[in-house]
Amino acid sequence: MKEKIPREDILIVDNIHTFIGQFHILEGVSVRVPKGSITVLLGRNGAGKTTTLKSILGLTPPQEGKVIFEGAEIQGKRAFNVANLGIGYVPEHRAIFRALSVLENLKLAERKKGDFERSADFIFELFPDLKRLSKLPGNHLSGGQQQMLAVARALVPENKLLLIDEPSEGLAPILIQQMMEAIRVLSEKTTILLVEQNFIMASQLAQQFVIIDDGQSVRDGSMTDLVNDTGMIHQYLGASIKTRKELEMEHEAQA
Amino acid sequence: MKPKRKKLITTLLVAVAVIAVIAGLYLYAGKEPFIRTTLSGLTLGSLFFMVAAGLSLIFGLMDVLNFAHGALFMLGAYMGWQLYTNPTFIFGMLPTVTAFTCGVLVSPVIKPFLIRWELPEQWQKTLPKIAYVLAIVLLILAFLNFNIMELASTAMVAATTTMVGNPLAEITPQEPLAQFWYRPVLLIISGLLVAFASSKPGVKTEFAPKEDLLKKAVPSILLFALTIIATLFRESAPIAILLMNGNLRFLIAIFVAVAFGFMFGALIEITLIRPLYVRPFFIVLMTLGLSFVIRELVQLLWDPLAYQMVRPPLFAQSGKAASLLEWLQNGNATINISGVTFPTYRLFVILLGFLMFVIVTIIMTKSRLGMIIRAGVQDPQMVEALGINVKRVFTFVFAFGVALATLGGIGAGPFLPIQPLMGDQFQMLGFITVVIGGMGSYVGAFVGAIILGMGRAFGDYFALKLSLSPAVSEASTVIIMVIVLLIKPQGLFGKKE
Ligand SMILES: Nc1ncnc2c1ncn2[C@@H]1O[C@H](COP(=O)(O)OP(=O)(O)O)[C@@H](O)[C@H]1O
Ligand SMILES: [Mg+2]
């Protein structure tokens, strides 16, 4: 006799509305993140993906709706309180601290004394470059190295959920591969909510997707269904999807 | 490689230019005038730095231009002078301050329970309002008939009669305990009401865990004990202080000025600045207004007069010391430095400035707090997202910046006339220092302060020597600022942004 294991959602975002100033940015976003897997937020530029992550974290608190983490409502809490519940954040545009050395960037992310000592081996195994660069100030790192550091920073304390915003943005294809591999390794330990414009990367990593369009969550489901639904891909993601070929061409153009 | 080489060349060029200027001044002025003027410049630079350091830290992290910094510098001088000359006022007021604070600090202990209280929405709004009104009524009742002016006048009297090493150690009669005790009691209750109201009873969206309640109660309990002690020893504590060795008394005065600055700074940030972060322009107006209020209060308490603080014994004996050791042994007023007679107290001011720079440097580069500040200057949101309470860091940095200003104030106390306007000139020069050094860079503030101080000192020297107008020295400040900003618009150590 087989028993069905109930799907457990570590995070539930329930119909949130977020304003920035007077602008109504999110007009009803709902996301469910099942424990132990990767869920990806897809959508065009400016659709509201980053704002969704920030609303979960409390950096742009939602005015309406609920955010439920491990069964408890967390909307309205200050961001540092939310983070201390065990949520790590990797912001877009590699927002590392430029004035701090690599080591200081990592140390700053400690929530308890000794967090860094505990996680250092794991981090440097995942991103060997960082060990070599540990004394350099953040603004001396290349774009790819900064992105690695931004991810590494979220791994210093023990997190139950990672919010990762466009980790492949502007990276060379070979680095994208490395980043993908790293995120796959991470997902074995932690649940991940990912924002990713690179559809190939997203489709290979994530098990679930949520599409955000114009500040609303419009579709969700399993990644395998989306990959086969070219109609949906073109309706909502259209221009924002980049094939690997396009990415490579872009990089050649840059170089 | 290229930017590195460019940096190296610029550094070399700057070094050569600096050495050339120094050598030129040395050759032109001659050895003794050069040393004398340089030491004067360093003294002024030290004072400028004491004001600019806090301004720069506060602006760097919070984008707050604190126009009350000069007034707080002045207040530091007054507090230190009070303690040093006759601390009756400080000890007379202490029980009321600790009593009120003791009540307010109960907030983190009761908040976890209050926010879980089932309370109709209407009461959630009105109950705190009622509590605030009651708190103000009690506050007024507590201070009714309290003769603050008389307490304040004691130091004024002492200032006019005190001799070096002969402090006035007479009992200044204060209100008897039987009459006084109800004031701290009312103030504790008033503080508790504020704690109650600010805890937002019944508001479910507030967040306060029930953890570590005992630890959170510690400050309040300590202050309660302190209130009792301070109440009992209102009269004897000032005498005990006045009977102490003058140097020790001066050390305590420094400590009191710093502690006062830190606490007052925290209070200003929490109550006045925090609600205004979304409206930066209002902060400018508010700090400007605050500086007027502080100045008026000081004038009310101590009259618009200038006081000369008696120098501590270490800097007071007549005669010139031949060496540092001799000075430390005898406490001479002047010292011989390479043939130049220089006041020892000014040397102390220079040392104090350098010491402050070292302390700030250690905090900024070696401590976790410094790391948080450097990160927060760039991106406070991301610091918060790491799980760090940025609001609290803001409060701390503001308090720390104000403490640096009050430290500067008491440092300048035995050297400048103590009067309500003594901070104004430093406010202006502090801002200019920060602009020259680069907004938000404490190293820049240090270098900028020294350059400005030197400009002033050598300006005075040339004005005298070439019989130019004394305005030359004041003009030097503006000239330096213009030159620096033309070459480097973001300031010497400013980051491009
Ligand atoms: N600070 C802000 N002020 C005003 N509008 C903003 C701000 N931040 C984001 N927006 C707007 O909100 C929308 C969603 O932005 P964002 O969440 O960053 O989109 P995405 O990450 O999906 O590209 C965009 O239209 C953007 O212009
Ligand atoms: Mg985005």
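The values are calculated or read from the model by the stated rules, or taken from the named source; none is laboratory data. Being a predicted model, the structure only gives us computed values, none of them experimental. Here the Cβ is made from the backbone with ideal geometry for all residues, glycine too, and neighbour counts use every protein chain on show.
The condition of being more than 16 Å from ligand 2 (Cβ to nearest atom), free of Cβ contacts under 8 Å to residues at least 12 places away in the same chain and assigned by TED's automatic domain parsing to the domain that holds residue A:200 holds for only one of A:104, A:117, A:64, A:73, that being A:73. Taking region B:192-249 as the range and being among the aromatic types (Phe, Trp, Tyr), assigned to a helix (DSSP H, G or I) and closer than 29 Å to residue A:61 by Cβ as the test, only B:196 passes. In region A:71-92, the qualifying residues are those that are at pLDDT 90 or above and assigned to a loop (DSSP other than H, G, I, E, B), and the one that is nearest to ligand 1 (Cβ to nearest atom) is A:91. Within region B:365-394, residues that are touching a residue at least 60 places away in the same chain (Cβ under 8 Å) and over 22 Å from residue A:85 (Cβ atoms) have Cβ atoms under 8 Å from residues that are part of a helix (DSSP H, G or I) and of a type in the set (Lys, Arg) in these pairs: B:394/B:274, counting only partners at least 6 apart in sequence or on another chain.
Scan region B:182-231 residue by residue and report those that are aromatic (Phe, Trp, Tyr) and surrounded by 14 or more Cβ atoms within 10 Å (Cβ to Cβ).
Here is the first cut: in region B:182-231, the ones aromatic (Phe, Trp, Tyr) are B:182, B:196, B:207, B:224.
The answer is B:196, B:207, B:224.
Selection of helices (runs of 4 or more DSSP H) fully inside region A:113-194 by the criterion of at least 2 residues being surrounded by 20 or more Cβ atoms within 10 Å (Cβ to Cβ) and touching a Phe, Trp or Tyr at 6+ places or on another chain (Cβ under 9 Å) returns A:143-153.
Would it be correct to say that residue A:95 is facing chain B (nearest Cβ under 9 Å) and modelled with pLDDT under 85? Against the criterion (facing chain B (nearest Cβ under 9 Å) and modelled with pLDDT under 85), residue A:95 qualifies. Taking the criterion of being touching a helix residue (DSSP H, G or I) at 6+ places or on another chain (Cβ under 7 Å), away from ligand 1 (no atom under 16 Å from the Cβ) and within 14 Å of chain B (Cβ to nearest Cβ), the residues of region A:117-170 that qualify are A:135, A:136, A:138, A:146, A:149, A:151, A:152, A:153, A:155, A:156, A:157, A:162. The set of residues in region A:40-50 that are buried (at least 23 other Cβ atoms within 10 Å of the Cβ) and either part of a helix (DSSP H, G or I) or away from ligand 2 (no atom under 14 Å from the Cβ) (or both) contains only A:49. Scan region A:34-54 and tell me whether some residue there is touching a Lys or Arg at 6+ places or on another chain (Cβ under 9 Å), facing another protein chain (nearest Cβ under 10 Å) and without any contact (Cβ under 8 Å) to a residue 40 or more places away in the chain. No, there is no match, as no residue in region A:34-54 is touching a Lys or Arg at 6+ places or on another chain (Cβ under 9 Å), facing another protein chain (nearest Cβ under 10 Å) and without any contact (Cβ under 8 Å) to a residue 40 or more places away in the chain. Evaluated against (1) away from ligand 2 (no atom under 16 Å from the Cβ); (2) in contact with a strand residue (DSSP E or B) (Cβ under 8 Å, 6 or more places away or on another chain); (3) under 22 Å from residue A:52 (Cβ atoms), residue A:157 falls short on exactly one condition, (3).
Could you tell me whether region B:376-389 includes any residue that is facing chain A (nearest Cβ under 10 Å), in contact with a strand residue (DSSP E or B) (Cβ under 6 Å, 6 or more places away or on another chain) and buried (at least 22 other Cβ atoms within 10 Å of the Cβ)? Yes, the conditions are met somewhere in region B:376-389.
Does residue B:444 meet the test of being part of a helix (DSSP H, G or I) and either without any contact (Cβ under 8 Å) to a residue 60 or more places away in the chain or within 14 Å of chain A (Cβ to nearest Cβ) (or both)? Yes, satisfied. Annotation: residue A:18 fulfils all but one of (1) within 14 Å of another protein chain (Cβ to nearest Cβ); (2) within 16 Å of ligand 2 (Cβ to nearest atom); (3) buried (at least 17 other Cβ atoms within 10 Å of the Cβ); (4) more than 18 Å from the chain's Cα centre (by Cα); the unmet one is (1). Among the numbered criteria (1) part of a strand (DSSP E or B); (2) modelled with pLDDT of 90 or more; (3) not basic (Lys, Arg), which one does residue A:19 miss? Against the list (1) part of a strand (DSSP E or B); (2) modelled with pLDDT of 90 or more; (3) not basic (Lys, Arg), residue A:19 comes up short only on (2). The listed residues are B:257, B:240, B:253, and the only one of them that is closer than 30 Å to residue B:329 by Cα, out of contact with any helix residue (DSSP H, G or I) (no Cβ under 9 Å at 6 or more places or on another chain) and not polar (S, T, N, Q) turns out to be B:240.
Among the residues that make up region A:3-13, is at least one of them of a type outside the set (A, V, I, L, M, F, W, C), away from chain B (no Cβ under 12 Å) and touching a helix residue (DSSP H, G or I) at 6+ places or on another chain (Cβ under 6 Å)?
In the first step, residues of region A:3-13 are kept if they are of a type outside the set (A, V, I, L, M, F, W, C); the result is A:3-4, A:6-9.
From the residues that got through so far, the ones that are away from chain B (no Cβ under 12 Å) too are A:3-4, A:6-9.
From what's left, touching a helix residue (DSSP H, G or I) at 6+ places or on another chain (Cβ under 6 Å): none.
No, that holds for no residue.
Only one residue in A:57, A:85 is within 16 Å of ligand 2 (Cβ to nearest atom), under 24 Å from residue B:382 (Cβ atoms) and in contact (Cβ under 8 Å) with a residue 12 or more places away in the chain, so which one is that? That would be A:57, the only listed residue that is within 16 Å of ligand 2 (Cβ to nearest atom), under 24 Å from residue B:382 (Cβ atoms) and in contact (Cβ under 8 Å) with a residue 12 or more places away in the chain.
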